[in-house]
Amino acid sequence: MIAHVQNDEERAHAQAALDNALKTNDAHAVMVACMQLMQTCPARDEPVTR
């Protein structure tokens, strides 16, 4: 399951992970980071425990 960012701190962490993945040519990490940064996920409105 992909955990979408919920606040600015998590967004900065995911963006840093994406930047690093792009620099190191890690295609899987790029995909995961991009999925985390996607907006308007219906799962965001569901109560979940991390």
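The values are calculated or read from the model by the stated rules, or taken from the named source; none is laboratory data. No experiment lies behind these values; they were computed from the predicted model shown. Glycine also receives a Cβ, built like all others from the backbone with ideal geometry; neighbour counts cover every protein chain displayed. In case anyone asks, the SASA skips ligands and DNA or RNA and just uses the protein heavy atoms, side chains included. Shrake-Rupley method; radii C 1.70, N 1.55, O 1.52, S 1.80 Å.
Going by accessible surface with a 1.4 Å probe and the largest first, Val5, Val30 read Val30, Val5.
Charged neighbours of Val30, selected by a Cβ distance under 13 Å, balance to -1 (K, R count +1; D, E count -1). Here r is the Cβ-Cβ distance between Asn7 and His28 and R0 is 35 Å; the resulting FRET efficiency, rounded to 0.05, is 0.90.
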